[in-house]
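Heads up, the thing below is written out as structure tokens.
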Amino acid sequence: MPARLQDRLFAACGLASVVVELVGTFIAMGSGKTHSLTWSSSTSAIARAFSNHATTVVWVGAYLELLSMGLFLAFAVWACMRLGGGVLGAHEVGMLRALAEREIVPDFIVGTSIGAVNGAFFAADPTPAGVQRLSRLWLSANHGERDARTTLRRLTTLARSGTHLESLDKLRSQLAEELPAQLVEELKIPFQCVAASIERAAEQWFDSGPLIDVLLASCAVPGILPPVRIGEEHFIDGGIVNSIPVNRAVTLGAKRIYVLQVGRLEQPLRPPRRPWEVGLVAFEIARRHRFSHDLNALPPGVQLHVLPTGGSAAPAYNDVSAQLRLLRLTGTVQGQIDSAYEASTRYLEEHQG
């Protein structure tokens, strides 16, 4: 299926879900359910026409309600795939290259979501050669997987699971092939990553244990990947509870902090105008509030450096046309890496001589 047709199809699901929802509600109201609404004459006529078939109409309304939910879920998953920040994680590779070339080796690394994966590779080998291996991994990954077979596989997984598009098996095997360590404790640089506990509704920091499990937990984006079970708890993407873990670095005693961030902090927020923007605005408010709070709470003597992406960061959350072009633009991962590398190199030269 052509990429543009695929985009239009899933976007149409969003509109279709609203239409079906209205039709289902309209028919259910016509079946005799009590609503505090003023009915027009045409609506009353339709209601009378259906009054002798209340059971059938209720079931039709219920079916349409389920269909609406299914269509909206398909649209929501499409939006999540298009608007997610994981594919932009290649910027961090360029930032890491700039740090490695200047022989800036951290005392410890803390990471969230895709940043946890990149951070673990850097913790395993914080050298230009190690960053080059990570770069090859990003370049070899198929970030623009959008063919009909992939779409069918994802929809099949969604139909079977009811909650996610991808299984953990493929990502787990890829990490097992590429990571040089099996345990967090085996990494050359002390490393921690965060995930969100479903049962406790709290952030959980991992500084030991099976490396692949904690990385999967940290980057298990809801709707895309299933929750990861560790012990008796289930964990999802750490970005939900702490997307820019400056406070964790301070707690661990950091005096100089380098933030590798590829989100939308530089984009202004506006009230949502479309259904898919509501959740995005809410998440951005929570994320930015947390980051702003952590910045204001920095103790004296702590230096904070937010490395730049070079102007190729994520489009605004409500810029739909730009979001639809995201995978085509970021299909050239090398461009992301180079852009962030050049910008971060200039930044480090200006701020550290």
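The values are calculated or read from the model by the stated rules, or taken from the named source; none is laboratory data. A quick note: this is a predicted structure, and the numbers were derived from the prediction, not measured. Cβ placement follows ideal geometry from the backbone for every residue including glycine, while neighbour counts extend to all protein chains displayed. Surface accessibility is based on the protein's heavy atoms, side chains included, excluding ligands, DNA and RNA. Shrake-Rupley method; radii C 1.70, N 1.55, O 1.52, S 1.80 Å.
Details
Here is a yes/no grid of residues against (1) under 30 Å from R256 (Cα atoms); (2) touching a Ser or Thr at 6+ places or on another chain (Cβ under 7 Å); (3) modelled with pLDDT under 75:
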| site | (1), (2), (3) |
| --- | --- |
| S292 | yes, no, no |
| S321 | no, no, yes |
| Q336 | yes, yes, no |
| S339 | yes, yes, no |
| E350 | yes, no, no |
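- Enumeration of residues in the range 237-287 that are farther than 23 Å from G223 by Cβ, surrounded by fewer than 18 Cβ atoms within 10 Å (Cβ to Cβ) and of a type in the set (K, R): K255, R256, R270
- Restricting the range 183-225 to residues that are of a type in the set (G, A, S), surrounded by fewer than 22 Cβ atoms within 10 Å (Cβ to Cβ) and under 22 Å from the mean Cα position of the chain (by Cα), the residue that is modelled with the lowest pLDDT is G223.
- P180 meets each of the listed conditions (1) under 21 Å from the mean Cα position of the chain (by Cα); (2) over 20 Å from T251 (Cβ atoms) apart from (1).
- Test: residue in the range 124-146 that is hydrophobic (A, V, I, L, M, F, W, C), at pLDDT 90 or above and touching a Pro at 6+ places or on another chain (Cβ under 9 Å): yes
- Pairs with Cβ under 6 Å, 6+ apart, first in the range 228-241 and in contact (Cβ under 8 Å) with a residue 40 or more places away in the chain, second part of a strand (DSSP E or B) and surrounded by fewer than 22 Cβ atoms within 10 Å (Cβ to Cβ): F235/S197; V241/E203
- The one condition in (1) on the phi > 0 side of the Ramachandran plot; (2) open to solvent by less than 50 Å² (accessible area, probe 1.4 Å) that G231 fails to fulfil: (2)
- Residue in the range 95-123 that is nearest to L211 (Cα to Cα), counting only those that are in contact with a helix residue (DSSP H, G or I) (Cβ under 7 Å, 6 or more places away or on another chain) and of a type in the set (G, A, S): A120
- Of all residues in the range 188-222, those satisfying the criterion of being in contact with a Ser or Thr (Cβ under 7 Å, 6 or more places away or on another chain) and either touching a residue at least 60 places away in the same chain (Cβ under 8 Å) or among the β-branched types (V, I, T) (or both) are C193, V194, S218, C219.
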